[in-house]
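Undergrad: Once you've had a glance at the structure underneath, I'll fire off some questions.
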Amino acid sequence: MADVATVAGVSKITVSRALRGSELVKPAVRKRISEVAAQMGYRVNLAARDLRLKRRMRIAVVVDMKASDDRPLYDPYPLALLGGIMQECAAAGFAVVLTTSDPKMNAEAMDTSGVIVLGQGAEHETVRALAGLNLPLAVWGADDGVENEIGAAVVGSDNRQGGILAAQHLQHRGCKRLVFLGDTHHAELADRVHGFRAGIQAGTEIVATQSADFTREAGRRAMREVIEAGISFDGVFAGSDLVALGAIDALREAGGALRPNIAIVGYDDTPAAAAHAPRLTTIRQDWTEGGRLLARTLFARLSPDRFAAPRSRILPVQLVERET
């Protein structure tokens, strides 16, 4: 910076202000300094900046998700969450370091002010590992005790209420024998099935709970296992839209035309739910707002004097009724 100041014929503080875009420096001077800096190959030394500010102006977003052709990383989850996070970070002046849950990438997360984790996993392995970095930590998911145990702030949607809404809708459709498809080892799915059970009234029963990962193929396989077991059912609640679409595939393969009265409810309200034929009835959670809430929650932990804590870390959900 001193070299740039010498060449530009200004003070070092003027260079600092100009490269920050400060209006304290005249536009013509800012332009000249920027040109000199570019010609000299000047780059900000982030380590030096962090020492001066006594703060790293970046956070890490760790995606704890195994990508596959059936569940790519460009799906709304986690992309919509990431969009909300980026929106809040940009407004607060923070950069985002995007990385994965591979332990070899922990150093990338360590060199930040705080960490957001997208995905809990079945046993919270990633959350537990990242808690060892001793950085403020916010996690998208459901709080099954991990907040008290590890100290991570958990942000999510009202999964239990989503399960209740699914049960109420299926019963309103006249369904009496219900099936749940989803991996309840995940805290979010466990809350959804608990709500599903709580919403069931006398005369209605859950006749099968079949484990399924968050993919279309897993949903197809789980639904086929229920069908092949000879279980009679007339309503299905799937833990995600992809699982629900897989269940529809299995019903069609098994002669779905003979099962016109089977109602199906998914979860998430992804674009695929609205684009599918028939269009999928589902429980909507607002991932973009969820991402913004994650960032605001982390900022409140980073600098409680600068950022107010959110009033709630649980987002409401709603039933989106379509054709299934």
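The values are calculated or read from the model by the stated rules, or taken from the named source; none is laboratory data. In this text the structure is predicted, and so the values were computed from the model without any measurement. Counting neighbours? That spans all protein chains shown, and the Cβs are built from the backbone with ideal geometry, glycine included. With ligands, DNA and RNA removed, areas are computed over all heavy atoms of the protein, side chains included. Shrake-Rupley method; radii C 1.70, N 1.55, O 1.52, S 1.80 Å.
Undergrad: So which residues in the range 235-285 are over 20 Å from Pro316 (Cβ atoms), outside any helix (DSSP H, G or I) and open to solvent by 40 Å² or more (accessible area, probe 1.4 Å)?
TA: Passing the criteria: Ala254, Arg259, Pro260, Asn261, Ala277, Pro278, Arg279.
Rundown of residues vs (1) within 16 Å of the chain's Cα centre (by Cα); (2) closer than 30 Å to Val243 by Cα; (3) surrounded by 15 or more Cβ atoms within 10 Å (Cβ to Cβ), yes/no style:
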{"position": "Ala91", "(1), (2), (3)": "no, no, no"}
{"position": "Thr99", "(1), (2), (3)": "yes, yes, yes"}
{"position": "Met105", "(1), (2), (3)": "no, no, no"}
{"position": "Thr112", "(1), (2), (3)": "no, no, yes"}
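Here is a yes/no grid of residues against (1) over 18 Å from the mean Cα position of the chain (by Cα); (2) touching a residue at least 60 places away in the same chain (Cβ under 8 Å):
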residue	(1), (2)
Ala129	yes, no
Ala138	no, yes
Asp144	no, no
Ala153	no, yes
Ala167	yes, yes
Phe180	yes, no
Asp183	no, yes
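Undergrad: Within the range 135-153, is even one residue within 30 Å of Ile227 (Cα to Cα) and not charged (D, E, K, R)? Write out each step before concluding.
TA: Pass one, the range 135-153, residues within 30 Å of Ile227 (Cα to Cα): none.
Checked the range 135-153: no residue is within 30 Å of Ile227 (Cα to Cα) and not charged (D, E, K, R).
Undergrad: I've got another one for you. For the range 11-38, give me each residue that is surrounded by fewer than 18 Cβ atoms within 10 Å (Cβ to Cβ) and among the charged types (D, E, K, R).
TA: Quick first cut of the range 11-38, residues surrounded by fewer than 18 Cβ atoms within 10 Å (Cβ to Cβ) only: 11-13, 19-24, 26-29, 31-32, 34-35, 38.
Scanning the range 11-38 gives Lys12, Arg20, Glu23, Lys26, Lys31, Arg32, Glu35.
Undergrad: State the number of residues belonging to the range 286-299 that are at pLDDT 95 or above and open to solvent by less than 50 Å² (accessible area, probe 1.4 Å).
TA: Selection size over the range 286-299: 8.
Undergrad: Based on what the data block shows, is Thr324 assigned to a loop (DSSP other than H, G, I, E, B) and open to solvent by less than 30 Å² (accessible area, probe 1.4 Å)?
TA: Working: assigned to a loop (DSSP other than H, G, I, E, B): yes; open to solvent by less than 30 Å² (accessible area, probe 1.4 Å): yes.
Answer is yes for this residue.
Undergrad: Scan the range 39-60 and tell me whether some residue there is aliphatic (A, V, I, L, M), under 30 Å from Ser101 (Cα atoms), buried (at least 18 other Cβ atoms within 10 Å of the Cβ) and within 37 Å of the chain's Cα centre (by Cα).
TA: So the first thing to find is which residues in the range 39-60 are aliphatic (A, V, I, L, M), and the list is 40, 44, 46-48, 51, 53, 57, 59-60.
Next, from what is left, pick out any that are under 30 Å from Ser101 (Cα atoms): 44, 46-48, 51, 53, 57, 59-60.
Keeping just the survivors that are buried (at least 18 other Cβ atoms within 10 Å of the Cβ) gives 59-60.
From what is left, the residues that are within 37 Å of the chain's Cα centre (by Cα) are 59-60.
Yes, there is a match, as at least one residue in the range 39-60 is aliphatic (A, V, I, L, M), under 30 Å from Ser101 (Cα atoms), buried (at least 18 other Cβ atoms within 10 Å of the Cβ) and within 37 Å of the chain's Cα centre (by Cα).
Undergrad: Taking the stated definitions as given, is Val155 surrounded by 17 or more Cβ atoms within 10 Å (Cβ to Cβ), part of a strand (DSSP E or B) and not hydroxyl-bearing (Ser, Thr, Tyr)? It would help to see each step written out before you state the result.
TA: Working: surrounded by 17 or more Cβ atoms within 10 Å (Cβ to Cβ): yes; part of a strand (DSSP E or B): yes; not hydroxyl-bearing (Ser, Thr, Tyr): yes.
Judged against the criteria, Val155 is a match.
Undergrad: If you go through the range 118-152, how many residues are open to solvent by 60 Å² or more (accessible area, probe 1.4 Å) and assigned to a strand (DSSP E or B)? Spell out how you get there, then give the answer.
TA: Start the filter on the range 118-152 by keeping residues that are open to solvent by 60 Å² or more (accessible area, probe 1.4 Å), which leaves 123, 125, 128, 134, 143-144, 148-149.
From what is left, the residues that are assigned to a strand (DSSP E or B) are none.
Residues in the range 118-152 being open to solvent by 60 Å² or more (accessible area, probe 1.4 Å) and assigned to a strand (DSSP E or B): 0 in total.
Undergrad: Moving to a separate point now. Under 6 Å between Cβ atoms, which residue pairs at least 6 apart in sequence (or on different chains) link something in the range 2-29 that is among the basic types (Lys, Arg) with a partner that is assigned to a loop (DSSP other than H, G, I, E, B)?
TA: Lys12/Met1; Arg17/Leu24; Arg17/Val25
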